[in-house]
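**Q** Before I ask anything, let me first share the structure, which is written out below as structure tokens.
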Amino acid sequence: MRYLYCPKCGTKLIGKAAGDNGDVPFCTSCNRYWFDRFSCCVIVLVANEYNELAMIRQYRLSERYWTYVAGFITPGETAEEAARREVKEELGLEPDRLEYGGTYWFSDHEQLMHGFIGFTRKKDFVLSSEVNEAEWVPASEALSKMFPARPGNTLQPLFHKYEEIRAQKS
């Protein structure tokens, strides 16, 4: 989000040079820069010991495609804490281990996605009201169920990171 007005006093902001950042919105009344803001989220590919992935469907996103667990990081929470919390909330599972899968920019919603791969034992899901369906999907079938590859889509890069981790452990 790019600020046009000062969130503190309401003054219309001007562009002012801020070192290497170029012109940044600046409040002449508060004498303060207002750098662009964006949301930080987590997305978690959850895998079990049978090389199956927990894929969910949320009809508010799509009735056709499946995705991974995702959610916002709350103030004061680390990305790892958010990843564990979201898996617990949406699927009722607790990952035994988390591996960082990188960061991904989701331009459609101005979100920085922190990707994780969560490893757990296969158990039945206990779904939150946010999730319409969930399935353990063989990894070999996962790409055909998820949103198609396109810029900003975190699903495929995180899936390929999971494949890399599995290949290293073999």
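Rule-based calculations on the coordinates, nothing more; no lab input. This structure is a prediction, so every number in the text was calculated from the model and none was measured. When we count neighbours, we look across all protein chains shown, and the Cβ atoms used for this are built from the backbone with ideal geometry, even at glycine.
**Q** Residues with amide H under 5 Å of ILE73's amide H, sequence separation 5 or more or different chain, H placed in the peptide plane at 1.01 Å from N; which?
**A** CYS40, CYS41, VAL42
**Q** Additional query: Which is the longest run of the chain containing none of the GluC sites (Glu not before Pro) found in DSSP loop states (not H, G, I, E, B) with at most 12 other C-beta atoms within 10 Å? Write down the numbers at each step before the final one.
**A** On the way: sites that count: GLU49, GLU63.
The longest such stretch corresponds to 64-170.
**Q** Amide H of GLY115: which non-local residues (sequence gap of 5 or more, or other chain) have their own amide H closer than 5 Å, using H built in the peptide plane?
**A** Answer set, sorted by chain and number: ILE43, GLY101, GLY102, THR103, TYR104.
**Q** Which FRET efficiency value, to the nearest 0.05, do you get for SER128 and ASP23 by plugging their Cβ-Cβ distance into 1/(1 + (r/R0)^6) with R0 = 45 Å? Display every interim value, and only then the final one.
**A** Working: r = 43 Å, r/R0 = 0.95.
About 0.55, to the nearest 0.05.
**Q** For Rg and Dmax of the Cα atoms in Å, several values are listed as (1) 19.3, 61; (2) 20.3, 82; (3) 21.6, 72; flag the one computed from this structure.
**A** (1)
**Q** Please give the FRET efficiency for LYS145 paired with ASP96, using the beta carbon to beta carbon distance and R0 = 22 Å, rounded to the nearest 0.05. Working shown, then result.
**A** On the way: r = 24 Å, r/R0 = 1.10.
Once rounded, the FRET efficiency stands at 0.35.
**Q** Next question, about the same structure. What ranking do ILE14, ILE43 get, fewest neighbouring Cβ atoms within 10 angstrom at the top?
**A** Values: ILE14 11, ILE43 22.
Neighbour counts put them in this order, fewest first: ILE14, ILE43.
**Q** I've got another one for you. Apply the Karplus curve 6.51 cos²θ - 1.76 cosθ + 1.60, θ = phi - 60°, to the phi angles in the range 83-98 and return the couplings in whole Hz, x for Gly and Pro.
**A** Ordered by residue, 3J(HN,Hα) equals 4, 4, 4, 5, 4, 5, 5, 7, 10, x, 10, 10, x, 6, 8, 10 Hz.
**Q** Here's a follow-up. If I model a spin label at GLU110 and CYS30 as a point 7 Å from the Cα along the Cα→Cβ vector, what separation in nanometres do I get?
**A** Each label point lies 7 Å from its Cα, and together they span 1.5 nm.
**Q** What fraction of the DSSP beta bridges in the chain is antiparallel, stated in percent and rounded to the nearest 5? Present the calculation step by step, with values, prior to reporting the outcome.
**A** Working: 29 of 39 bridges.
Once the DSSP bridges in the chain are tallied, antiparallel ones form about 75 percent.
**Q** Additional query: Through the Karplus equation 6.51 cos²θ - 1.76 cosθ + 1.60, θ set to phi - 60°, convert the phi angles of the range 160-170 into ³J(HN,Hα) values in whole Hz; use x for Gly and Pro.
**A** 5, 5, 4, 4, 4, 4, 5, 5, 5, 7, 7
**Q** Are there any trypsin sites (Lys or Arg not before Pro) in the range 26-99 that are in a DSSP loop and have at most 13 other Cβ atoms within 10 Å? List them by number.
**A** Values: sites: ARG32, ARG37, ARG57, ARG60, ARG64, ARG84, ARG85, LYS88, ARG97; in loops: ARG37, ARG60, ARG64.
Filter output for the range 26-99: ARG37, ARG60, ARG64.
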